[in-house]
Every structure is written in C-alpha cells, then in structure tokens.
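Novice: Input: one structure, supplied below.
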Amino acid sequence: MSDDDHSAISAQDAKRLFADWKAAPALVLAVSGGPDSIALMWLMARWRRALARGPQLVAVTVDHGLRVESAREARDVKRLARSLDLPHRTLRWTGTKPKTGLPAAARAARYRLLAQAARKSGATHILTAHTRDDQAETLLMRMLRGSGIAGLAAMARETEREGVRLARPLLEVPKSRLIATLKKAKIGFAVDPTNRDTGFTRPRLRAILPVLAEEGGDARTLARLASRLARANAALEVLTDGAERYLALLDRDATRGGFDARAFAALPEEIRLRLLRRAIDRVGHEGPAELGKVESLLAALDRAVTGGEGRLKKTLAGAVISIARGRIRVEPAPPRRGRTG
C-alpha cells in the first residue's frame, strides 16, 4: 500500500470523484453509519457546498433491525446529517427475517428501500460507498463461486437496480483514505461487528487478504484484475450484439426469439452462450438463467446440431428451448401448474 493510500481525500479529489453526478436533480446517499458511508456523506456535503448549483442530497439509513445498536447508529447518522445541512431518513426492514441467506436478503431489502426513497425524493441515483477493498472482496467471492467473465468483472461504477441508477463513486478509493479523511475532520463512525463475523463469507475473505497481499494479491491488484475483466466483458457484449444482428439478417422472416441452428453453431462458444442466455432471459418468467445451466443447455444444443440429431426440447428459467427444422427456438414456457388436492 502506498503512502498516498493513507492520505485524506482533498476537495479537489472529491470534485473529480463526484463530477459525473453534478447535473443530477437529486441524489440519495446510502449511509449506514460505518466509516465508508460516513466519509461519503461528509465528502459529498463539502462538495455540494462548493457548487453554485448542484443536486439535492438526501441521506438515507436502512435499519435492518438485526442488531440492538442499529437504531442508535441511525440516530447518530441523523445528527451528523443535520450538522451538514442534509435531510435524513431512516427506513426500517420489517417483517420476518430468513434463517438462511441473511446477508443476501438484507442486501435486497436495503436496495429496495433505498430505491423507494430515491423515487420519493425525485433522485435519479443512489450513491453507495463501496471501495476498492470491497471490489477486491467481491472478485474473490465470485472466483470461489466459479463465476463467468461478467461476474468476475465485479461491481461496475454505475448500474441499474430497482428501476434507479446505482452509483459507486469511491470504487477506486482504498478504505484507508476514507478513514484518514474522517480522522482529519475529527468525525466519528460506527463499527459493525458483523463485518468481523467469520460466520459469513465476506469477513472470512477479508481476513485472508493480508496473506494474499504478501504474495502480490493486494486489493489494488485484485481491483485492477476486475477492471480488466470488465473491459473484456464489455467487448464481448459488443460482439454479442453484432452476432445477434447477424443472425437476424440471415433469418428475417423467422419467428422472433430464435436462431438458424447452423449459423448459430458456427459462432464462438462464448458468443453462443451469451446469445442463448439473452434469449432465455428475454422470454423466461423465472428470473435470470443460471450460467452453469445455460452452459449445460448449450452443450446439449451443440450435440443436437452437430451430431445430426436435429431435435431437442428443454425448459430453463421459464423458457422452452427447442430445435426443429434447422432452427433453435426460444419461447415462453407455460406457467407451472400448482399442486391440487
């Protein structure tokens, strides 16, 4: 880690980090009370004050109700937001909490509540305080799951979620710089003990990062790998767009939602995989198709096309994929019948 990785973020640094959102009418800041999000709120408040005109900033804290300290932490965020002249809202995740898959369920609830707050505030974006360290951990988690190139690209600087743009302005900033910023400004922050709870995957990976860093696999290197994979993924998406147009030109009068089997088989495997997954996700009604299942389906399609069988019918993610008369068709599957009796 370089000396610069321990320096506070200057007003000039913040101006560069937040420039993409200068013209937004309003922005929701996701502020949990931890050091990263507190630094984001403080930096953005300072940045906004320096602008002649700029977006309205609304700080939002989601209280998941999973720890007794969470309500107090939300009140602490509210006090700090008021001192920065920012409106603040606390939203609570109510209802029964799942016994398994709690982190994923809490994350989904958080983004759902943040999106509701954004729509109510007229905000175009939700800004989160994900850092370079978070990016490295995400890459490791997805590597261990055997993700494809799109998954290994990890988190993007800006995406869409729940119908709102989700932005991560601090994705290239190490956590150490945010802590240095708060120390220099003499601003306190909460420490969530679940961030060290080795009962969860991310804290376990966080604990081994120092060992990886000794071998050259520090957060900077891992985040750079994710960035390079994102670049490769973007190029593959452009090639997939071109392949989709190519197949459509070959097959102008065919039923929408499929491909000429021989032309499809002649394309590179990664492009075929992406085309097939797109087609399934477009017409299916059971959520995004899992990569491993699409890979198995593609292998079966390849055998049917090149092996001379010429026929196949499979169902995946609410879509029916079939081969007949030299054409691969992808159509919506009929709804599953509920059990009776």
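The values are calculated or read from the model by the stated rules, or taken from the named source; none is laboratory data. Just so it is clear, the model here is predicted, and its values are computed rather than measured. No Cβ is skipped: glycine too gets one built from the backbone with ideal geometry, and neighbour counts run over all protein chains shown. Keep in mind that these areas ignore ligands, DNA and RNA; they rest on the heavy atoms of the full protein, side chains included. Shrake-Rupley method; radii C 1.70, N 1.55, O 1.52, S 1.80 Å.
Novice: Which three lengths, in whole Å and largest first, does region 238-327 cover when its Cα atoms are put on their principal axes?
Specialist: The Cα atoms of region 238-327 stretch 31, 30, 23 Å along their principal axes.
Novice: Give me the percent of the accessible area of the chain that comes from carbon and sulfur atoms, probe 1.4 Å, all protein chains in place.
Specialist: Working: 9760 of 19010 Å².
After summing per-atom areas, the C and S share lands at 51 percent.
Novice: Let me ask something else. Rg(Cα) of region 114-160 divided by 2.2 N^0.38 Å? Intermediate results must be reported in sequence, preceding the final value.
Specialist: Details: Rg = 13.7 Å, N = 47, 2.2 N^0.38 = 9.5 Å.
In units of the 2.2 N^0.38 Å rule of thumb, it is 1.44.
Novice: Continuing with this model, one more query. Per residue, how large is the accessible surface of the chain? Use a 1.4 angstrom probe and give square angstrom.
Specialist: Numbers: 19010 Å² over 341 residues.
I get 56 Å² per residue for this part.
Novice: From largest accessible area down, sort Thr124, Thr198, Thr94; use a 1.4 Å probe on the protein chains.
Specialist: Details: Thr124 55, Thr198 85, Thr94 110 Å².
Descending order: Thr94, Thr198, Thr124.
Novice: So how tilted is helix 35-49 from the main axis of the chain? Cα-based, degrees 0 to 90, rounded to 10.
Specialist: Tilt of helix 35-49: around 80 degrees.
Novice: Determine the order of Ser227, Ser176 by accessible area, beginning with the largest, at a probe radius of 1.4 Å.
Specialist: Values: Ser227 75, Ser176 25 Å².
Final ranking, largest accessible area leading: Ser227, Ser176.
Novice: As I understand it, the dipole of region 200-341 uses +1 on the Cβ of Lys and Arg and -1 on the Cβ of Asp and Glu, about the Cα centre. Which of Ala232, Pro334, Leu312 lies farthest toward its positive end?
Specialist: It is Pro334.
Novice: Considering the Cα trace of region 13-61, what is its radius of gyration and what is Dmax, both in angstroms?
Specialist: Computed over the Cα atoms of region 13-61, radius of gyration and Dmax are 10.3, 30 Å.
Novice: May I pose another question? List the residues whose amide H sits under 5 Å from the amide H of Leu91, counting only those 5 or more places along or on another chain, with H placed 1.01 Å from N in the peptide plane.
Specialist: Thr61, Val62, Asp63
Novice: Once you have the Kirkwood Rh of region 56-211 from its Cα pairs, apply Stokes-Einstein at 20 °C and 1.002 mPa s and quote D in µm²/s. Provide the component values of the computation, followed by the final result.
Specialist: Working: Rh = 17.3 Å.
Once the numbers are plugged in, D ends up at 124 µm²/s.
Novice: Report the charge-dipole magnitude of the chain in Debye, nearest 20, computed about the Cα centre from +1 at each Lys and Arg Cβ and -1 at each Asp and Glu Cβ. Mind dumping the intermediate values first?
Specialist: Details: 62 positive and 38 negative charges, 246 e Å.
So the magnitude is around 1180 debye.
Novice: A further question on this structure: Add -39500 (n - 2.57) for each DSSP H run of 4 or more in the chain, then divide by its residues: what number comes out at 222 nm, to the nearest 500 deg cm²/dmol? Don't skip to the answer; put the middle values down first.
Specialist: Values: 12 runs with 167 residues, N = 341.
Computed mean residue ellipticity for the chain: -16000 deg cm²/dmol.
Novice: Long-range amide H contacts for Thr124: which residues qualify at under 5 Å (H placed 1.01 Å from N, peptide plane, sequence gap of 5 or more or a different chain)?
Specialist: Close amide H contacts, sequence-distant or interchain: Ala26.
Novice: What translational diffusion coefficient, in µm²/s and rounded to a whole number, does the Stokes-Einstein relation yield for region 129-243 at 10 °C and a viscosity of 1.306 mPa s, taking the hydrodynamic radius as the Kirkwood radius over Cα pairs?
Specialist: Details: Rh = 15.7 Å.
Estimated via Stokes-Einstein, D reaches 101 µm²/s.
Novice: Kindly report, to the nearest 10 Å², the accessible surface of Asp192 as traced by a 1.4 Å probe over protein heavy atoms only.
Specialist: Solvent-accessible area, nearest 10 Å²: 40 Å².
Novice: Please give the length that would be gained between Leu239 and Thr159 if that part of the chain were fully extended, namely 0.36 nm times their separation in residues minus their C-alpha to C-alpha distance (nm, one decimal).
Specialist: Working: separation 80, 0.36 × 80 = 28.80 nm, distance 2.04 nm.
Additional length available on full extension: 26.8 nm.
Novice: Right, here's the next one. Once both axes come from the Cα atoms, what is the angle between helix 269-283 and the longest principal axis of the chain, in degrees from 0 to 90, rounded to 10?
Specialist: Once rounded, one gets 80 degrees.
Novice: To make sure I understand the rule: partners must be lysines, Cα under 25 Å from the Cα of Lys15, and not fewer than 8 residues away in the same chain. Which ones qualify?
Specialist: Cross-link targets: Lys78, Lys175, Lys183, Lys184, Lys186.
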